[in-house]
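This report refers to the structure that appears directly beneath it.
The values are calculated or read from the model by the stated rules, or taken from the named source; none is laboratory data. All of these numbers come straight from a predicted model, not from anything done at the bench. All Cβ positions, glycine included, derive from the backbone under ideal geometry; neighbour counts span all protein chains shown. The area values use the complete protein model at the heavy-atom level, side chains included, leaving out ligands, DNA and RNA. Shrake-Rupley method; radii C 1.70, N 1.55, O 1.52, S 1.80 Å.
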Amino acid sequence: MNTPRLLLAAAMTDPILEICTGDPAGIDAAVKGGADRVELCAGLSEGGLTPSEGIMRHAAGRIPTNVLIRPRAGDFIYTPVELDVMEHDIMSAVKAGAKGIVTGALTADGRVDMEACRRLIARAPDLDNTFHRAFDLTADPFEALEEIIRLGFRRILTSGQASSALEGADLISRLHRQAAGRIIIMAGAGVTPANAAEILRLSHADEIHASARSRIKSAMRTSGNASMGSADAADGSRLATDTATVAAIRNAIKNN
């Protein structure tokens, strides 16, 4: 885990921009737009799920890549079988060349599941590990912050327990003050070119996380009534990471 001196040195440069994406074109868009890192995941419409090993390998060869380890949608209370799956997925991410993993587990009363998290992080203790937005469901975020630091995570991704990082900026700022350089605080949720700089100014976050997506039209010339899933538009269009949006966020936070 980085020392406060190293975290302070990192804070003297432009804030790190992490882009959440899950397909080859999205990875290319993140690279071209100037992202520093990607959080790689599948199923963005479900809050993000563990991606395939194939896409892990593709991403890790292009840009520093932290891989989401989440076996299903829903809550963050995991069974022993689910934890076993997550451990194997972490090993796949390491094998694929990931820089880090993004994960987290909670108990039914909204506390950090220390036993489950120790089990997961032990599979990749030297990687750039992030505790994801399960943090935003904790009953006491200040207590959770201390527990996550003790576990050895390098950063926390949070919206400040609000629907967007802008709305949660005050809590993010208080967490950043309490962290005092012991862990990186990354603000995420609802980040756009228009509000990215304001989020950083209000929250004092060390890093910022965005999906930077826009709707992409399908090249299909046929149509029908069959649905492939709840996230699929009838016309085959989809939301995908957009180079121009990534670049606009990068420019907005430059020298912030």
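Things to note:
- At R0 = 30 Å, FRET efficiency that the Cβ-Cβ distance of R215 and H88 yields, to 0.05: 0.30
- In this rough spin-label picture, where each label sits 7 Å from Cα along the Cβ direction, the K254-K32 distance is 1.8 nm.
- Backbone amide hydrogens, once placed in the peptide plane, bring I16 within less than 5 Å of I208, excluding anything fewer than 5 places away on its chain.
- For the chain, carbon and sulfur atoms together expose 53% of the accessible surface, with a 1.4 angstrom probe and every protein chain in place.
- Annotation for A122 and D14: the two label points, set 7 Å from Cα along the Cα-Cβ direction, are 4.1 nm apart.
- Net charge in the neighbourhood of E18 (other residues with Cβ under 15 Å of its Cβ; Lys, Arg +1, Asp, Glu -1) is +2.
- Most to least packed among 239-248, 197-206 [average Cβ atoms within 10 Å]: 197-206, 239-248
- Distance (nanometres) between label positions extended 7 Å along Cα→Cβ at R201 and D170: 1.8
- Under-5 Å amide H pairs with Y78, H placed in peptide plane, nonlocal only: L106
- Relative packing of 79-87, 182-190, 21-29, 163-171, which averages over residues the other C-beta atoms within 10 Å, highest first: 182-190, 21-29, 163-171, 79-87
- Looking at the stretch 136-223, the accessible area is 46 square angstrom per residue; that uses a 1.4 Å probe and ignores ligands, DNA and RNA.
- Using the average count of surrounding beta-carbon atoms within 10 Å as a protection proxy, the listed peptides 150-162, 122-134 rank, highest first, as 150-162, 122-134.
- Going through (1) 39; (2) 27; (3) 36, the figure that equals percent of Cα pairs over 29 Å apart as computed for the structure here is (2).
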